[in-house]
Amino acid sequence: MCGRFAQYRSMRDYLRELDSEQDAMSGWEGEPIQRYNVAPSTKVQVLHSTGGHLVVAEVRWGWAPSWARGKMHPPINARLEKVATGNFFRQIWQHRALVAADGWFEWVQDDDNPKIKQPYYIRLRSGDPLFFAAIGKFPPAGGEAEDGDGFVIITADAEGGMIDVHDRRPVVLSPELAREWIDPDTTPHLAEMMLLHEGTPPEDFEWFPVDRAVGNVRNQGPELIAPLDTE
C-alpha cells in the first residue's frame, strides 16, 4: 500500500454501513468529509472502542513506539505477518480501530520508463464504503490528544489480479467483521485469525488508472478518483 486513500463520505454514512450509527458517541459530524487524497502524517477520522463506547477520533496516520521516535519516520502500515508477534507494535496490538474509507491509491511503474508511475484507484465493485483494519494509540473519549497517539493500517500480500497493481494491500473487513474487530470482547487470537483468513477477497475490488495529480498531496477533489480516459 503506497500511502494514500479517499475518505469523502460523511461519518454518518460509514456508521450506517456498520449499522452502528446509534452506538457512536456524539462529537462526530454528519457532513461529508470530502478528503479525496488522505496522506500520511495527517489526522484522520478513525473508529475505535473505549470504555464500552464506539468513539470517532481524529488521529495522526503513523505511529512508532517511544524508543523509535526520532530515529525513523513513524510507519503508516503494519505487515500482517508480523503485527501480532513482533516487538515493534506490541504496545498497540490490542488497541484495534477501523479506518472508514471509499478506496485507496497504488502506483504502477511504467515498463518503458521506470521514472513514470501511473496511479490507480481501488474500490469495492459494489461502490460501498470499506473498512481498513488498524491498530494504534488513541486519545480517551472526550480527552485531549497526546504526542504518542497515532495509528497504522494493517496490510497483507496482494492476491489474484490485484498483485499487478501492488504486492501489498490493506486488510479490508466486511461491516460484520469490522464490528467484531473493534469489539473489546474479541480476543487477540480471534482478531489475528480474522486478519489471516477473513479479509475481503481481491475479486470484490475493481481498479482503474486515474490522473497523476493525486501525487501532489495538496490536490483534493472528486476528479482525483475519476477513471482516466485512456482512449
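The values are calculated or read from the model by the stated rules, or taken from the named source; none is laboratory data. Since the structure is predicted, the reported quantities are computational estimates derived from the model, not experimental observations. We place every Cβ from the backbone using ideal geometry, glycine too, and count neighbours over all the protein chains shown. Accessible surface is based on the protein model in full, side chains and every heavy atom, while ligands, DNA and RNA are left aside. Shrake-Rupley method; radii C 1.70, N 1.55, O 1.52, S 1.80 Å.
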Going through K71/K115; K43/K137; K43/K71 one by one, the pairs whose alpha carbons sit over 23 Å apart turn out to be K71/K115
At the level of C-alpha centres, the distance separating segment 8-38 and segment 71-102, in angstrom, is 23
So, with points 7 Å from each Cα along the Cβ direction, the L196-V217 label distance in nm works out to 3.5
Between the Cα axis of helix 188-197 and the main Cα principal axis of the chain, the angle (0 to 90°, nearest 10) is 20
With the 1.4 Å probe rolled over protein heavy atoms, segment 77-231 has an accessible area per residue in Å² of 51
Contour minus Cα-Cα span, N113 to E81, at 0.36 nm per residue, comes to 8.3 nm
Debye calc, one equal point scatterer per Cα of segment 99-231, no solvent, log10 I(q)/I(0) at q = 0.15, 0.17, 0.21 1/Å comes to -0.86, -1.03, -1.31
Lys and Arg at +1, Asp and Glu at -1: neighbours of R125 with Cβ under 10 Å from its Cβ sum to -3
Most packed first (mean Cβ within 10 Å per residue), the peptides 175-186, 127-138, 37-48 order as 127-138, 37-48, 175-186
Taking 0.36 nm per residue of separation between R125 and L228 and subtracting their Cα-Cα distance, the length gained on full extension comes to 35.4 nm
The FRET efficiency for D167 and S10, from their Cβ-Cβ distance with R0 = 30 Å and rounded to 0.05, is 0.35
Straight-line reach check, K117, cutoff 20 Å on alpha carbons, 8 or more apart in-chain or any other chain, hits among aspartates and glutamates -> E106, D164, D167, E206, D211, E223, D229, E231
Excluding ligands, DNA and RNA, the carbon-plus-sulfur percentage of the accessible area of segment 20-153 with a 1.4 Å probe reads 45
Ranked output for segments 54-65, 199-210 by mean other Cβ atoms within 10 Å, highest leading, reads 54-65, 199-210
Rounded to the nearest 5, the percent of antiparallel DSSP beta bridges in the chain equals 85
Carbon plus sulfur, as percent of the 1.4 Å-probe accessible area of segment 183-230, comes to 52
Segment 30-77: relative contact order from alpha carbon pairs under 8 Å, six or more residues apart, as a whole percent, is 29
Here the gain from full extension of F208 to D23, 0.36 nm per residue of separation minus their alpha-carbon distance, amounts to 63.1 nm
